[in-house]
1. Kindly indicate the residue of segment 249-258 that is loosely packed, with under 14 Cβ neighbours inside 10 Å and not acidic (Asp, Glu) and also farthest from Val330 (Cα to Cα) among those meeting that condition.
2. In the set Pro228, Pro168, Pro240, which member is assigned by TED's automatic domain parsing to the domain that holds Arg289 and either farther than 30 Å from Thr47 by Cβ or not aromatic (Phe, Trp, Tyr) (or both)?
3. Any idea which of Glu37, Glu54 is among the charged types (D, E, K, R) and surrounded by 23 or more Cβ atoms within 10 Å (Cβ to Cβ)?
4. Looking for whichever is among the hydrophobic types (A, V, I, L, M, F, W, C), assigned by TED's automatic domain parsing to the domain that holds Pro359 and over 21 Å from the mean Cα position of the chain (by Cα) here; the options are Ala86, Ala31, Ala3. Which one fits?
5. Can you pull out the residues in segment 44-75 that are farther than 21 Å from Thr178 by Cβ and in a loop (DSSP other than H, G, I, E, B)?
6. Return the total of residues in segment 259-296 being over 16 Å from Ala317 (Cβ atoms), surrounded by fewer than 14 Cβ atoms within 10 Å (Cβ to Cβ) and in contact with a helix residue (DSSP H, G or I) (Cβ under 6 Å, 6 or more places away or on another chain).
7. Just one of Thr205, Thr222, Thr210, Thr217 is assigned to a strand (DSSP E or B), more than 25 Å from Ile313 (Cα to Cα) and within 31 Å of the chain's Cα centre (by Cα); which is it?
Amino acid sequence: MPAPLDGITVIEIDNWMAAPSAGAIMADLGARVIKVEPLTGDPMRNTGRSPKIEDEAMKAYDFQFDVDNRGKESICIDLTSTDGVAVVQKLCESADIFLCNLLAVRQEKYKLDPDTILSFNPKIVHATLTGYGTEGSDAWRPGYDVTAFFGRSGLYDSMREGQDGIVPMARPAQGDHTTGLALLAAILAALRLAEKTGEGQVVETSLYETAVWTQATDYSVTAMDHAPVRQRSREQLFLPTANRYPCGDGKWVVFNMPEVSAWPKFCKAINREAWLEDERFVDVRSRFRLMHTLVPMVDEALSEKSRDEWGIIFDAAGLIWGPVLGLHEVPQDSQAKDIGLFPTLQHETLGEYRTVNIPMRFRNTSVGPRSRSPKLGEHTDKVLADFGIENETISKLKDSNIISQT
């Protein structure tokens, strides 16, 4: 059974994590993704955290670069040269998708802007990822996910507890990977349209736009009343059955249940049936008014057992709850194992290692990580030969330091 994107060729010129993550998913879906890097390489190479393991060879491997670039082919080209640009244009002539995060000035300088590429490949999908969009006063303004996705979108502010709460800090690439999914959706829709009409498409998205969309539930109201929205403390939430609590081992659980039907089950599960007869907590309004009293009481009740012990009880009681896992716990989570969330890849010298699967599954075909990320310029000769560039020309480009092969 062929993979969904078998036969699709992607030419990718980007760096860091957002746009490359879209390319990585397309590679997992079967596309041939050719990553064009400068002679010095994507600056994301060798900047990530090393794993805390004893194997020195594994410790030196760049796993954070790998997750966004696995399954791709790397070629090194100097785009500041006319001949280097000509090589990329040659690749684009028969490609299906051109993916980049180049600013407009660089797209135009390197003659890789939509109008130029569509002029010699009218069926291609030209996709660009930016910080804030390609129109308006901040068009093409540089941005990372912490600035454009979390900061300017209101997401950081909405996560603070109260007006004076400290602004939180996101984990690496959360906004990048979310925006990569948005760009992927746009690319696949455009690819479908190009197949139907025979005409190429220009698509784009930005960190800023995607972040606002992730908060659309809040914005559907906030765009109307312009009222500040911030995280409430546990004592300010509306329902004791939609809150989070620490257990006896210091690990946390979170509940999300409608109050009317859940309150009796909740009290019985945590061995506090007496609360059902307590006049202070007689109805939803009373419990809301006394959340400052109830939260410490629930904390005390849950301190009697560990998170895992409570989990068995909560499941038996039919409660809707979840453990608040640490990042280090998730790869060992039973559900993560059952759905193959952390598959293994084989490296020819390092052996087997774990990576992260894409968040999509297909019944009748196999998708997912296929091979490690490429070494810098590992496939330059092969890719150029595959696209009809003669060996003599490849040698001349190497001698002129316009391309390189590791």
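1. Within segment 249-258, the subset loosely packed, with under 14 Cβ neighbours inside 10 Å is 249-250, 254, 258.
Next cut, not acidic (Asp, Glu) only: 250, 254, 258.
Working: Gly250: 17, Val254: 16, Pro258: 27 Å.
Out of the qualifying residues, it is Pro258.
2. Details: Pro228 fails: assigned by TED's automatic domain parsing to the domain that holds Arg289; Pro168 fails: assigned by TED's automatic domain parsing to the domain that holds Arg289.
None of the other options fit; the residue is Pro240.
3. On the way: Glu54 fails: surrounded by 23 or more Cβ atoms within 10 Å (Cβ to Cβ).
Matching residue, one of Glu37, Glu54: Glu37.
4. Numbers: Ala31 fails: over 21 Å from the mean Cα position of the chain (by Cα); Ala3 fails: assigned by TED's automatic domain parsing to the domain that holds Pro359.
It is Ala86.
5. Step one: filter segment 44-75 for residues farther than 21 Å from Thr178 by Cβ, giving 45-46, 50-62, 73-75.
Listed by number, the residues that qualify are Arg45, Asn46, Ser50, Pro51, Lys52, Ile53, Glu54, Asp55, Tyr61, Asp62.
6. The total comes to 1.
7. Thr205
Residue-wise test of (1) assigned by TED's automatic domain parsing to the domain that holds Pro38; (2) loosely packed, with under 11 Cβ neighbours inside 10 Å.
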position: Val324; (1), (2): no, no
position: Asp338; (1), (2): no, yes
position: Arg354; (1), (2): yes, no
position: Arg370; (1), (2): yes, no
position: Leu376; (1), (2): yes, no
position: His379; (1), (2): yes, no
position: Phe387; (1), (2): yes, no
position: Lys396; (1), (2): yes, no
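The values are calculated or read from the model by the stated rules, or taken from the named source; none is laboratory data. The shown structure was predicted, so the numbers you read here are calculated from the model rather than taken from an experiment. Neighbour counts run over all protein chains shown; Cβ positions are idealised from the backbone, glycine included.
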